[in-house]
Amino acid sequence: MVTMREYYTSPDQGWSWVVLLASFGSHCIHGFFLTAVGILQMSLLDHYKESVFKTSLPLSTLIGLFSISGPFASLVVNKWSCRVSMIAGGLIVSLSLLMTAFMPNIILVFFSLGIFGGVGIGLAFTPSIVVIGYNFEKKRNFASGVAVSGIGIGSFALAPLMQSVSNHYGYHGLMFMCGGLTLHYCVFGFLLFPSKLEMDRKKGERKASNCDGEQLSSKVKRQRDVCRVVSQKALINVYISMFLCNLGIYLVYLHFASYVTSIGFSKLEAAFLFSICGICNCISRILVGSATNANNIDEFLLYAGTFSLTGFTTALFPLYGQTYSGQVFYMVTFGFYSGICFVLLNTICVILAGITNLATVYGLISFFTGIGCFIGPLLGGFIVDLGGTYSQSIGVAGVIIIIGSVFAWGSGVGGRRGKHTKTPGETIVYHESEVVQENLISNIDNVGKIEDYGNDPGTNYCVIKGSSKSECLQVERVRDNIYTKKVKDDAYIEETPFISNLHDCDE
């Protein structure tokens, strides 16, 4: 008899690569709604004949809830699985797009497409990122790069296609086509079989919830971990930088096509600019994902540096954006730099918060990102409706991105974190039972500190051996009174507060 256990895969092998393909496919769909959303904006403007601000509202809500619903999606992932979240999201957003095709006014579009569709697509978006963290360890950066490169491929392939659909079949045909496209979320969701890391985390939570009075309940531990995640200085800088930078980036994405057509170029020429942006986005994500697997690459440096480059090229755009060649140059640079953060966030979350808190941290990052995505397009529409120009709104977006990049630099560039800390390792001794804890304390000399690091399966306590954190020590593992020593050169905890198991210490 075949059990479900046989479907669980170890990291970096087996079904993990099928999961990677499914994540890549879902990102291709994300790509159209995130980067080529300006095509939908032009269709709404033509169909409803409303102001720029009013027609921006449903789409800004859509891409805002794309990320704001991240905490809700992470709850679904933690409660059930990545598979359930993606399938449910696919069904909701597909239905919302079919409903939108029949809405008689822009107010109803706000509810059907903006709110209903935004929640649905958010349920599909968060698991497509988190599932990579659950299926890859040594090749996590590479896998993240390949997965999120689908956003570029989606923009490259779907932007001209959807514009052609809009030209030939009108507003209703475009919404029907988008509804059919998003049904593919369900197909990709069915491929997301649970991984060993994902199931181990769930078992750990169940084990912790069954422990008696001397251990914290699973619920209390989760609340404590969330408090740590919210209050950690480096993560606060990440939250703020993602909010500000994506506010500017999505102002550009929504209004760039309108800018191009406002100065005399065709809608199809605007769509091809998004294709250029998409293919450059794809190339940069794959290259960065491959490069950051090397130990000497600092993910935080790339995270902050690419935001800075995006901000400066955007702020200067009004000086060179009047010609088509200038627009091509801008979309090349914008495509290369603006989306690299999403390649790095998976690893940054694990470095700062540990694999146990990956879904929670990414949900919070998505929440702040979504607020920026919501405000940015509305700000652009507000500037234009007040008598400004699309060019001026893009310049404002550049300034906002530069301010956000300042916070990105404060997230820990050059700092000593996790696997990048090259000081000889701390000793981490952990055990798996209360009996072992008593023997551990009585048999190890000079125990400096004992800390409970949460609800990870088989890892209830960490013991730092030594009188100071500067000592050169090793990692020891204690299991059922049998002491087995393992040397982990890259295991550090003094600046990584959420080590939940030895996997978090490994390269």
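Listed values, structure above:
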{"quantity": "Qualifying trypsin sites (Lys or Arg not before Pro) in region 1-93, DSSP loop, other Cβ atoms within 10 Å at most 11", "calculated": "K49"}
{"quantity": "Residue-count net charge about L108 - beta-carbon cut-off 13 Å; Lys, Arg +1, Asp, Glu -1", "calculated": "0"}
{"quantity": "Net charge over other residues, Cβ less than 11 angstrom from the Cβ of T55 (K, R count +1; D, E count -1)", "calculated": "-1"}
{"quantity": "Accessible surface of region 299-361 [probe 1.4 Å, protein heavy atoms]: carbon and sulfur percent", "calculated": "83 percent"}
{"quantity": "Across K139/K233; K79/K196; K138/K196; K139/K196, pairs whose alpha-carbon gap is larger than 23 Å", "calculated": "K139/K233"}
{"quantity": "Cα gyration tensor shape of region 45-140, rounded if a/c is under 1.5, else prolate or oblate by comparing a/b with b/c", "calculated": "prolate"}
{"quantity": "Accessible surface ranking that places the most exposed of Y253, Y337 first, with a 1.4 angstrom probe", "calculated": "Y337, Y253"}
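The values are calculated or read from the model by the stated rules, or taken from the named source; none is laboratory data. Quantities reported herein were computed from a predicted structural model and do not represent experimental measurements. Virtual Cβ from ideal backbone geometry, glycine too; neighbours counted across all protein chains shown. Note: accessible area is taken over every heavy atom of the protein model, side chains too, but ligands, DNA and RNA are not part of it. Shrake-Rupley method; radii C 1.70, N 1.55, O 1.52, S 1.80 Å.
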